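> Below is a structure I'd like to ask you about.
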Amino acid sequence: MLFSRRLMLGLAMAGALAFPALAEGPTEIDLFFPVPVDGKLARDMGTLIKEFNETHSDIKATAVYTGSYDDTLIKTRAAIKAGKPPAAVIMSANFLLDMQIENELTNLDSLIAADGVTKEQFLGQFFPALQGNAVINRSVYGVPFHNSTPLLYINADQAKEAGLDPNKPPQTWAELTDWAKKLTKREGDKVTRWGIAIPCAYDYCGWMMESLTMSNGGRYYNEEFGGEVYYDTPSMLGALTWWNDLVAKHKVHAPGATPGPAVSTSFISGNAAMMMLSTGSLTYVRDNAKFAYKVAFIPRNVRNAVPIGGASLIIPAGLEADKQKAAWRLIKWMTSPEKSAWWSRATGYFAPNMAAYKTPDMIDFLNKNPDAKTAVEQLDVAKPWFATYKTVPVRKTLEDEVMLVLNGKKQPKEALAAAQKAADELLKPYNAETSLKLP
Amino acid sequence: MSLAEPAALPVATSAPPRLHALRRFAAGLKASLPAYLLLLPSLVFLALFTYGAMGRVFVDALYQRTTPKAPVRFVGFDNISAVLADASFTGAVVNNLLYAVGTAIPSIALALLFALALSRTNAVTSALRAALFLPVLIPMVAASALFLFIFLPNVGLLDYYIGHLLPVLPNWLGDPDIALYAIMIITIWKNAGYYMLFFLAGLQAVPEEVMEAAHLDGAGPFMRLRHIILPELRPTFLFVTVIATLNAVTQVDHVFVMTKGGPSNATNLVLFYIYQQAVEHYDIGKASAATLLTLAALMALTALSFRTLANREGGP
């Protein structure tokens, strides 16, 4: 008896000693996240990750703020180079192609297959317009997380005051020009209120050019191949000429390049009556505008079309298997209908998961805030966001020239020719390596 | 042989010159060994993080990778010639020279003015000195974020206060003709208080007797400034100029925060160009080549300044 009791005790002791060794701590993972628009996204992200950690005891996720979309790409690349990639990153959706070309992304096909679903079933949860920036060469590399389209924001009070009906927003470029003229206020030669503001800072400028070019019937880049951009084309020339006319001819748009925050500040302060901005700024406008406002589709010249914006969740290449698995669980949780819907309400981005719009909270929210529907409705005419080899420098070649035009230093035609030349130069090695390579 | 003997004699009695020098060196080493030992930790870290990195940059500058699929290949000085042929690099150099002159001269002039005005210590000047020094304490990134709102077109503080005086409201950071000057303002605002410290210290070193003598001889304040104070401050001037020039090349936080080198590269400075090549273009070869060129220019400049400094002070 004594023997067996001692044995029992010994076994219990051994068990207690072995326990800490057996019970592994939670898998620690980092999530890099950017804040590309106005508002309190960083605080909301803290709330979201706290909830994830509370419901997943075996994973400890840490949200790491990484700046703008461009900065997030840079920091992720630096972390990969240093051999310590974060487990997951909320990455601007248009950087995925560039990263895939650089072998920096984990192909998600096998993780999807391990869950017992097909790629089609997995992607079927998300709006079809988002797939162009998530699937590369028929493999899944990103999971849409928060997405956007550009919107036309209108100060409804000022529109009414100018004799315009904010419930019938301008639908064409001609109407928009007309509205902008009526909404611009002058004292002598001095403009005291601008009719419209369109952001042009690095990153935003290229997206707005893509939007205007699409509305003008054109395209920005080759959606199937990362080595071609279409800057020196009639459709882009028409778009840039119209934008420049707002500045130089009609004088309803402030000259010079204006960053996104300056545009939203101008709008909020009543200094600009209309603005084109991401739906990602919608919550910020809702919380801060002291006037009635309306949001509408981006007006067309030839057709209604907008580029997708926003970000996808990615898993960088070079991670250990357990971290990869933990990241995959985090990604699936964050893109689930409920979380996706919560994030959309918090930020103004639309929820990429279609089922998010069937959750009771979201139905309730949309009834109270019909303005949040516009971006989702606009998805029917949305197309992929520009994505090329070396996306950022290739995009900058265009942005630098557009800034010169908006400052009255160059004419649209010569500016676009220069942008095309510079972009072709950057794309040359990639083309030589791929499309021009003879068998 | 016999004729040569007497001449060789004095040499033979003392140690051969080579050995003599060695012995002197050994004695010197023995004496300064503790000093070298004290310097050793710094030297280790410098070697690891500065000289090692510099060596790496030198090697990287000789190689080029075009696409991810293509192998890295040796290109010799191609990267250097590519950088020199790049219009955005030459543009950045011109911007940087303009920026260096445009920030160094006003901030040094202001610093001297502050120092002269506040050289006497009392409660008022102490408070003013602290007030002028305050911008130095604010991190450049925070200061830039602050100025972002000051420069905001139409609704910013600057337009709010002086906008009504101008016929057209300038887009301070959005106009390539103005943006570089706009960011110069922050640098001047931030550095003037810092350089003031050096001038205050320099003024302390002006001998009291000389000033008194000049005063007795009937030299007015301007004469004293021109003939005594400014010449006495010459080493301070040189030192501050070197610091200001180096600052003009190494401070780019405000470019990151406010303009990202834009609009249309108008505020692109050399360091930001290097950063763009390395992380945006993913072109390590060109980034390294540009770094080498910058390093060479800065080293030449610093060597020149030290020589001038040494000459002025008489040397050993």
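The values are calculated or read from the model by the stated rules, or taken from the named source; none is laboratory data. The shown structure was predicted, so the numbers you read here are calculated from the model rather than taken from an experiment. Cβ coordinates were reconstructed from backbone atoms using ideal geometry, including for glycine residues, and neighbour counts include every protein chain displayed. Heads up: the accessible areas ignore ligands, DNA and RNA and are worked out on the full protein's heavy atoms, side chains in. Shrake-Rupley method; radii C 1.70, N 1.55, O 1.52, S 1.80 Å.
> Which ranges mark the helices (runs of 4 or more DSSP H) fully within region B:198-316 that have 2 or more residues being within 14 Å of another protein chain (Cβ to nearest Cβ)? Steps first, please.
Values: elements: B:208-216, B:221-224, B:234-250, B:270-275, B:284-312.
Per the criteria, B:270-275, B:284-312.
> So is A:VAL302 open to solvent by 10 Å² or more (accessible area, probe 1.4 Å) and either outside any helix (DSSP H, G or I) or at pLDDT 95 or above (or both) or not?
It is true that A:VAL302 is open to solvent by 10 Å² or more (accessible area, probe 1.4 Å) and either outside any helix (DSSP H, G or I) or at pLDDT 95 or above (or both).
> Tell me whether region A:358-365 contains one or more residues that are away from chain B (no Cβ under 14 Å) and of a type in the set (Ser, Thr, Tyr). Working first, answer last.
Filtering region A:358-365 down to residues away from chain B (no Cβ under 14 Å) leaves A:358-365.
Within this subset, residues satisfying the condition of being of a type in the set (Ser, Thr, Tyr) are A:359.
Within region A:358-365, one or more residues are away from chain B (no Cβ under 14 Å) and of a type in the set (Ser, Thr, Tyr).
> Scan region B:47-72 for residues that are of a type in the set (Val, Ile, Thr) and either within 16 Å of B:GLY285 (Cβ to Cβ) or open to solvent by less than 40 Å² (accessible area, probe 1.4 Å) (or both) and jot them down. Don't jump to the end; show me each part of the working.
Within region B:47-72, the first condition is being of a type in the set (Val, Ile, Thr), and the residues that meet it are B:50, B:57, B:59, B:66-67, B:72.
Residues satisfying the conditions are B:VAL57, B:VAL59, B:THR66, B:THR67, B:VAL72.
> Follow-up question, since we're still on this one. Looking at the structure I just gave you, is A:GLN378 touching a residue at least 60 places away in the same chain (Cβ under 8 Å), more than 9 Å from chain B (Cβ to nearest Cβ), more than 29 Å from B:THR259 (Cβ to Cβ) and polar (S, T, N, Q)?
The answer is yes for A:GLN378.
> Counting only residues that are in contact with a Phe, Trp or Tyr (Cβ under 6 Å, 6 or more places away or on another chain), among the basic types (Lys, Arg) and farther than 30 Å from B:ASN171 by Cβ, how many does region B:244-301 have?
The number of residues fulfilling the criteria is 0.
> May I ask you to list the residues in region A:381-411 that are of a type outside the set (S, T, N, Q), within 14 Å of another protein chain (Cβ to nearest Cβ) and open to solvent by less than 20 Å² (accessible area, probe 1.4 Å)? Full working, then the answer.
Of all residues in region A:381-411, those of a type outside the set (S, T, N, Q) come to A:381-387, A:389-390, A:392-396, A:398-406, A:408-410.
Now narrow it down to the ones that are within 14 Å of another protein chain (Cβ to nearest Cβ): A:389-390, A:392-396, A:398-406, A:408-410.
Result: A:TYR389, A:VAL392, A:PRO393, A:VAL394, A:ARG395, A:LYS396, A:LEU398, A:GLU399, A:VAL402, A:MET403, A:VAL405, A:LEU406.
> Across region A:226-267, which residue is nearest to A:GLN420 (Cα to Cα) among those that are in contact with a Lys or Arg (Cβ under 8 Å, 6 or more places away or on another chain) and aliphatic (A, V, I, L, M)?
It comes out as A:LEU237.
> Something else about it: For A:GLU187, which of the numbered conditions (1) under 30 Å from B:GLY261 (Cβ atoms); (2) within 14 Å of chain B (Cβ to nearest Cβ); (3) at pLDDT below 95 fails to hold?
(1)
> Report whether or not A:ALA422 is away from every other protein chain (no Cβ under 14 Å), more than 28 Å from A:TRP333 (Cα to Cα), open to solvent by 30 Å² or more (accessible area, probe 1.4 Å) and not basic (Lys, Arg).
For A:ALA422, the condition - away from every other protein chain (no Cβ under 14 Å), more than 28 Å from A:TRP333 (Cα to Cα), open to solvent by 30 Å² or more (accessible area, probe 1.4 Å) and not basic (Lys, Arg) - is not met.
> Would you mind telling me which numbered condition in (1) free of Cβ contacts under 8 Å to residues at least 60 places away in the same chain; (2) under 23 Å from A:GLY280 (Cα atoms) A:TYR69 fails?
(1)
> Do we find a residue being under 25 Å from A:TRP385 (Cα atoms), within 14 Å of chain B (Cβ to nearest Cβ) and of a type outside the set (Ser, Thr, Tyr) anywhere in region A:318-328?
No, the conditions are met nowhere in region A:318-328.
> While we're looking at this one, here's another question. Among (1) crowded, with 22+ Cβ neighbours inside 10 Å; (2) within 18 Å of the chain's Cα centre (by Cα); (3) not in a strand (DSSP E or B), which single condition is A:LEU151 missing?
Only one criterion in (1) crowded, with 22+ Cβ neighbours inside 10 Å; (2) within 18 Å of the chain's Cα centre (by Cα); (3) not in a strand (DSSP E or B) is unmet by A:LEU151, namely (3).
> Consider region A:223-239. How many of its residues are open to solvent by less than 20 Å² (accessible area, probe 1.4 Å) and away from chain B (no Cβ under 14 Å)? Quick ask: steps written out before the conclusion?
Let us first name the residues in region A:223-239 that are open to solvent by less than 20 Å² (accessible area, probe 1.4 Å), namely A:226-227, A:229, A:231, A:236, A:239.
Imposing the further condition that a residue be away from chain B (no Cβ under 14 Å) reduces the set to A:229, A:231, A:236, A:239.
Counting residues in region A:223-239 that are open to solvent by less than 20 Å² (accessible area, probe 1.4 Å) and away from chain B (no Cβ under 14 Å) gives 4.
> Considering region B:92-128 alone, what residues qualify as being of a type in the set (A, V, I, L, M), within 30 Å of B:ASN268 (Cβ to Cβ) and in contact (Cβ under 8 Å) with a residue 24 or more places away in the chain? Even if it seems obvious, please write down each step before you answer.
We begin by selecting, within region B:92-128, every residue of a type in the set (A, V, I, L, M); these are B:92-94, B:97-98, B:100-101, B:104-105, B:108-113, B:115-118, B:123-124, B:127-128.
After this cut, where a residue has to be within 30 Å of B:ASN268 (Cβ to Cβ) as well, the list is B:92-94, B:97-98, B:100-101, B:104-105, B:108-111.
Within region B:92-128, B:ALA92, B:VAL93, B:LEU98, B:ALA100, B:ALA104, B:ILE108, B:LEU110, B:ALA111 qualify.
> Within region A:336-372, take every residue that is surrounded by fewer than 15 Cβ atoms within 10 Å (Cβ to Cβ) and assigned to a helix (DSSP H, G or I) and give me the one that is modelled with the lowest pLDDT.
Out of the qualifying residues, it is A:PRO370.
> Please verify whether region A:189-200 includes one or more residues that are open to solvent by 60 Å² or more (accessible area, probe 1.4 Å), assigned to a loop (DSSP other than H, G, I, E, B) and in contact (Cβ under 8 Å) with a residue 24 or more places away in the chain.
Checked against the condition, which is being open to solvent by 60 Å² or more (accessible area, probe 1.4 Å), assigned to a loop (DSSP other than H, G, I, E, B) and in contact (Cβ under 8 Å) with a residue 24 or more places away in the chain, region A:189-200 yields no hits at all.
Residues are listed down the side, and each one gets a yes or a no for (1) modelled with pLDDT of 95 or more; (2) surrounded by fewer than 13 Cβ atoms within 10 Å (Cβ to Cβ); (3) assigned to a loop (DSSP other than H, G, I, E, B); (4) within 14 Å of another protein chain (Cβ to nearest Cβ):
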{"site": "A:ARG77", "(1), (2), (3), (4)": "no, no, no, yes"}
{"site": "A:ILE80", "(1), (2), (3), (4)": "no, no, no, yes"}
{"site": "A:GLY83", "(1), (2), (3), (4)": "no, yes, yes, no"}
{"site": "A:ASP98", "(1), (2), (3), (4)": "no, no, no, yes"}
{"site": "A:ASN107", "(1), (2), (3), (4)": "yes, no, yes, no"}
{"site": "A:ILE112", "(1), (2), (3), (4)": "yes, no, no, no"}
{"site": "A:VAL117", "(1), (2), (3), (4)": "no, no, yes, no"}
{"site": "A:ALA129", "(1), (2), (3), (4)": "no, no, no, no"}
{"site": "A:GLY132", "(1), (2), (3), (4)": "no, no, no, no"}
